Amino acid sequence: PPLIALLSSPHEEIQGQVAMVLQNLSKNVDNRYRMVEEGCLPPLIALLRSPDKRIQMQALGVLRNLSVSPVNKVRVVNEGGLPALVALLASRNESIVEHVAAAVRNLSCGVANRAKMAEGDGVRLIVALLSSTNDGVLEHAVAILRNVSASAAIAEKIALEGGVAQLIWLMGGSLVPAIRVHSAVTLRNLTAATTDNEVKVVQEGILRTLVPLLTSQDEALQDQATVILRNVSVNTGNDEKLMSEGILPVLVKNLKSPRRHVQEQASGALRNLAVNPQNKVQVVDSGALLPLIALLRSSEKRVQEQAAGAIRNLATDDNIKVKVAQEGALLPLSNLLRSSDEAIQEQAAGALRNLAVNPKLRDQIADEGAITALVELLKSNNLKVVKHATGALANLSMNVRNKSRIVQDGGLPRFIALLRSGDEQVQELAAVALRNLSVSADTEVKVVQEGGIPRLVEMLSANDEAAKEQALLALRNFSTSPDNAAKIIRERGLSPIVDCLRSGDDKINEHAIVVLRNMAVHAEMELSTTKEGGLPPLVSLLRSADERVQEQSIIALRSLSVNSSNEVTIVSDAGVPPLMELLLAPQEAIQLQAVSAVRTLTALPDNQLKMVAEGVLPLLIGLLRSANVQIQEHASGCLRNLASTQGLKQKILEADGLAPLIALTRSQSLSAQDSSLSAIFSLSFDSEALAKLVEFGGIPPIVQLLVSPIDEIQALAAGIARNLSVSTDIEAELVEAGGVAPLVTLLSTHNRPAQEHAVAAIKNLSSSAAHKVRLVQDGALKPLLSLLPHAEASLQEPAAVAIRNLSAHPKNKDRIVSDGGMPYIVALLRSPDKTLQEHGAVVVRNVSVNDQNEVRIVEDGALPPLVDLLRSSDAKLQELAAGAIRNLSVNANNKVVIVQEGALPPLISLLSSSDDKIQEQAAVALRNLSVNPQNKVQMVKEGCLPPVIACLSSLEQRVQEQATIIVRNLALEPGNEEAIVDSGVLPPLIALLRSPDKRIQMQALGVLRNLSVSPVNKVRVVNEGGLPALVALLASRNESIVEHVAAAVRNLSCGVANRAKMAEGDGVRLIVALLSSTNDGVLEHAVAILRNVSASAAIAEKIALEGGVAQLIWLMGGSLVPAIRVHSAVTLRNLTAATTDNEVKVVQEGILRTLVPLLTSQDEALQDQATVILRNVSVNTGNDEKLMSEGILPVLVKNLKSPRRHVQEQASGALRNLAVNPQNKV
């Protein structure tokens, strides 16, 4: 006491000495408690505030020693020592700070003191010491933090004050082992304190420091590192960084560590990481599974717990479940169920619960003896253990073998007891197990005997929807038994079941409905359900969004409707409109009943539109794809009915009804085939349906059914093919699918409807050029011909059309005749039916185009009926008959036979038809006939000229052309020229010279050329005004026209009376212009015309004026055609004889050089003309000089000696003329 009193001395020296004494005394353990008891703490604490650092140091030394004692730790704090000590932590004196830190470290060991240390700046100042370079200070600081961080609040404060980064560095970087361990423990505490700290330490980069420490040789440090890792692995936000830092290999290595603590922490970390689904596979792939399974057999319970927990989490992955079993985990897990440790029981039961989700593992788990242990765990007082055991057994009970095992091991009473558990999830799982077990009849009885039904009924009133659902599922199984159904009623279960119908939960609704459905099967239940108000909610549930609820409602109502009273109630409760919705029921039996009813209703046309408006169509189409054949039959029957109504076809297509109908054409059910084909047949009259039929691959099955042994199916397939063949866009698809051959076969079938469709289809296909040859190649011709005599128009008419179409192709024309088709065709020509006559006539017209058929057709008797058809009142028949005779008349032999058969009068008569086409065909036929010399005379006798000449004025150019050809041909007959002109041919013929059609001009010119040969006609042509029209055509650019014109004009120029008219207008100029032609024919006619007209002096003068001299001189000497040279020479002779000017002009144009050689030409005609020309030009003395200079005298002298008198005469005459000039005499 005296010493303690001196601590309060006013003399600092005394205080220091006393403090020193007390420091020494406090080193003794026994003295520490007594010193405090004697009251040393208050004055010592006061000295902490002394201005003398030595006194502070001595006081701190005493307090540091005293605070080692557990009792004193509390008393120092209670005496107010902590604030004074904490304040000194901010001292700049390192020794003081170290002593203070040591004292505070001692005090921090007292749990009661830790909260006070967090007050004020204590934590901040301690965290600040972590930056000290003094290892002593550092060690005390981290030791303090280690102690106080056991408090979650202080741990959070340490993190907030920025201690994490320093602690991480010290844990990894300090050279003092104690500092590293204290830092690690502090970090362990921080990570265990708050979720934020779990994340923060990772963000501060702890992992790079931590990973190497997990395998450190310093066991204390390794222990702390493994716990830290386990702590941070709890937070899934750290998963990505943990995995990226390569933590898995280290953890797997630690699983194999000989140290239990390391094993436990590694297992715990993996357990945490395995919570994340993304990590599970990586954990297994890292090789963790085998060592985890091995640790299940560890002697350390906590290791077992963590290993089982890790496997439990991994086993939620379906693939990993199998691997866990394959690697042998089932037995050790099953053994752990028998552990006395509830934590281990929980993890093992949880793991097996997850594994039992896989059906393939359930029996294996049971084989390892897990069921007995799990049933035993149902008695546990630990709710978690019970929950997992119940869940595991519920899963295991889904396998048949396990049901009896669970019952044998006493599971039933336990499950029933658990239905009254205070935990709703346990109730639910127990109900699931009972539901699974109740599938067995024996088990079902035992559940009832054990009192399970009353408890299940009680659960229907539970607030927990999941438990209610499982209770209903169990009752659903039990209610299939009449006895159990009655027991449910006796237990007042009906009312809560009906109440469940009003639940907002679809699954509860569904199960409640099924219970009622099961119960309604028994007669006494029907009215009971109604009395309990079951029908209205059932009807309401027909419109549930849940299809299963709908299905079960339908089935229940169907069962209840057996009672007539209930049937009325169902209708009154608006049950009829939902009838359409019954089609959605996935239950095939209900679908069958519903679709059967709908089929009956759709048979009534009045119902169809209404039912489609109600939305029945998509449902029916959906049922076409049903796996139930009967449903398919009824659904296709419904579509068959609906497709018969025009307004609904489009709706069926829009609802995609065609594709499933096509699919049913391949059905094994003949009824489904028939109904679907019938529906498709009705739809196939629509072009859009045909396009979709192709798009959905409908043609191949239709083609296959063309050979069906069932007549009705065959006929429907043929009908669809018939409709397909109508579309030009689709017919090729039918042909490519092989449709032609079976259709051809059906042409000869006994099945009349199929035959009619087939011949109609062939008719349609034959209209396409692409198929005409194919049809004949596939044998269609003969059966089609055989149908032509058929009494039924439905067969005869399309066959005739088909033959008609086929005959249009060049390759088929000969086949029709060579295959003996003409007698059939001739018979058509004689038919009383004009349509058939027309078809026959078209065929004859078409096949007669081939030369080799012309004679055969006539031989087969086609001419008489064709001639008769020329007299038909039907214009089309007249045209076709005339066209056929036109073709036949090409053959030389037929030309005579046709006339002999009396064809001329009707053909001539048809020239007066008002129908241009008839006129043309008749005209062409007569044109062909007019080639024959005998026919030329006969045609004129039969009076053909007037109508033919009338046709020259037709507005139809083709008729004009043919008429001109006829006249041209007839004009070749010597006796006809004048008769033709007498018939008035010239005016229309001359008019045709102005036709815009060059061919008509050519033909008209040909006629005029022929006619103008007659001397009488020459004058008449000119008098009728033909010359100007002809002359005008001399300017044509068409060389053939010019040649014909020139020929005609040449003929006309032979008439002396015509020559003067030829000189009128541009005639001479145009003829002279022809002298430049390169066409020898044109040239010959031109010079011949000039030869004729130049006999007129006036015209001769005009020829010269138009520049004809030079061309004539050249042609006389240069042409290779003798006639041209002679005509040119004669013309020049006429020109030189006409005028004096011409005598000089020809010489000026250089005639002498051409003329002199010709004077001695071997061509006597040319020599004769040359000598006359020379004699003529020699008359004019103005030519003497040139004549003499050209050396004409020797030639003349030579000609004087010619044996030919004409030559002698002309030479003498020329010399006579030359001798007039005195200069020439000598």
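The values are calculated or read from the model by the stated rules, or taken from the named source; none is laboratory data. Bear in mind the structure is a predicted one, so any value in this text is a computation, not a measurement. When we count neighbours, we look across all protein chains shown, and the Cβ atoms used for this are built from the backbone with ideal geometry, even at glycine.
Output the residues belonging to the range 900-924 that are crowded, with 20+ Cβ neighbours inside 10 Å and farther than 12 Å from Val948 by Cα.
The answer is Ala903, Leu904, Pro906, Ile918, Gln921.
Listed residues Val1042, Val1007, Val981; which is part of a helix (DSSP H, G or I), modelled with pLDDT of 85 or more, farther than 16 Å from Ser953 by Cα and of a type outside the set (Ser, Thr, Tyr)?
Of the residues listed, the single one that is part of a helix (DSSP H, G or I), modelled with pLDDT of 85 or more, farther than 16 Å from Ser953 by Cα and of a type outside the set (Ser, Thr, Tyr) is Val1042.
Can you pull out the residues in the range 103-114 that are without any contact (Cβ under 8 Å) to a residue 40 or more places away in the chain and under 21 Å from Leu167 (Cα atoms)?
Across the range 103-114, the qualifying residue is only Cys109.
Given the conditions (1) in the same structural domain as Val726 (by TED's automatic domain parsing); (2) assigned to a helix (DSSP H, G or I), which single one is not true for Val707?
Val707 satisfies all of (1) in the same structural domain as Val726 (by TED's automatic domain parsing); (2) assigned to a helix (DSSP H, G or I) except (2).
Among the residues of the range 1073-1094, is any of a type in the set (D, E, K, R) and closer than 18 Å to Gln1167 by Cβ?
yes
Please identify the pairs in which a residue from the range 807-820 that is touching a residue at least 40 places away in the same chain (Cβ under 8 Å) has its Cβ atom under 7 Å from the Cβ atom of a residue that is among the charged types (D, E, K, R) and in a helix (DSSP H, G or I), counting only partners at least 6 apart or on another chain.
Ser807/Lys813; His809/Lys772; Asn812/Lys772; Val817/Arg856
With of a type in the set (Val, Ile, Thr) and in contact with a Lys or Arg (Cβ under 6 Å, 6 or more places away or on another chain) as the only criterion, which of Val426, Val400 stands out?
From the options Val426, Val400, the qualifying one is Val426.
Looking only at helices (runs of 4 or more DSSP H) that lie completely in the range 864-923, which have at least 3 residues being touching a residue at least 40 places away in the same chain (Cβ under 8 Å) and within 24 Å of Asp833 (Cα to Cα)?
So the answer is 875-888.
To keep it simple, each residue is scored yes or no on (1) without any contact (Cβ under 8 Å) to a residue 60 or more places away in the chain; (2) more than 20 Å from Ala594 (Cα to Cα); (3) touching a His at 6+ places or on another chain (Cβ under 8 Å).
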position: Gln632; (1), (2), (3): yes, no, no
position: Leu639; (1), (2), (3): yes, no, no
position: Thr645; (1), (2), (3): yes, yes, no
position: Glu688; (1), (2), (3): yes, yes, no
position: Ser708; (1), (2), (3): yes, yes, no
position: Ala715; (1), (2), (3): yes, yes, yes
position: Ile720; (1), (2), (3): yes, yes, no
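Can you name the number of the only condition in (1) under 27 Å from Val111 (Cα atoms); (2) surrounded by fewer than 16 Cβ atoms within 10 Å (Cβ to Cβ); (3) of a type outside the set (S, T, N, Q) that Leu60 fails?
(2)
Kindly evaluate Asp656 against the criterion of being not in a helix (DSSP H, G or I) and not aliphatic (A, V, I, L, M).
yes
With the range 244-359 as the region, which helices (runs of 4 or more DSSP H) entirely inside it contain at least 1 residues that are polar (S, T, N, Q) and more than 50 Å from the chain's Cα centre (by Cα)?
It comes to 247-255, 260-273, 301-314, 330-336, 342-355.
So which residues in the range 1054-1090 are part of a helix (DSSP H, G or I) and either at pLDDT below 85 or acidic (Asp, Glu) (or both)?
Result: Val1056, Ala1057, Asn1058, Arg1059, Ala1060, Lys1061, Met1062, Asp1080, Glu1084.
Restrict the check to the range 219-226 and report whether at least one residue is more than 26 Å from His182 (Cβ to Cβ), of a type outside the set (A, V, I, L, M) and in a helix (DSSP H, G or I).
No.
Considering Ala112, Ala165, which residue is surrounded by fewer than 17 Cβ atoms within 10 Å (Cβ to Cβ) and assigned by TED's automatic domain parsing to the domain that holds Val77?
After ruling out the rest, the residue left standing is Ala112.
When the range 8-23 is examined, which residues are found to be among the polar types (S, T, N, Q) and exposed (fewer than 14 other Cβ atoms within 10 Å of the Cβ)?
Across the range 8-23, the qualifying residue is only Ser8.
Residues Arg92, Arg75, Arg49: which one is in contact with a helix residue (DSSP H, G or I) (Cβ under 7 Å, 6 or more places away or on another chain), without any contact (Cβ under 8 Å) to a residue 40 or more places away in the chain and surrounded by fewer than 16 Cβ atoms within 10 Å (Cβ to Cβ)?
Exactly one residue qualifies, and that residue is Arg49.
Taking Asn197 as meeting all but one of (1) closer than 20 Å to Gly237 by Cα; (2) surrounded by fewer than 24 Cβ atoms within 10 Å (Cβ to Cβ); (3) not hydrophobic (A, V, I, L, M, F, W, C), write down the number of the exception.
Among (1) closer than 20 Å to Gly237 by Cα; (2) surrounded by fewer than 24 Cβ atoms within 10 Å (Cβ to Cβ); (3) not hydrophobic (A, V, I, L, M, F, W, C), Asn197 violates only (2).
Could you identify the single residue in Leu160, Leu221, Leu207 that is touching a helix residue (DSSP H, G or I) at 6+ places or on another chain (Cβ under 9 Å), surrounded by fewer than 22 Cβ atoms within 10 Å (Cβ to Cβ) and without any contact (Cβ under 8 Å) to a residue 24 or more places away in the chain?
From the options Leu160, Leu221, Leu207, the qualifying one is Leu160.
For the range 1131-1156, which residues satisfy the criterion of being of a type in the set (Ser, Thr, Tyr), assigned to a helix (DSSP H, G or I) and within 16 Å of Gly1107 (Cα to Cα)?
Selection gives Thr1131, Thr1136.
Are there any pairs with C-beta distances below 6 angstrom linking a residue in the range 166-195 that is more than 15 Å from Ser132 (Cβ to Cβ) to a residue that is aliphatic (A, V, I, L, M) and assigned to a loop (DSSP other than H, G, I, E, B), with the two at least 6 apart or on different chains, and if so which?
That search, which allows pairs on different chains as well, returns Asn189/Ala150.
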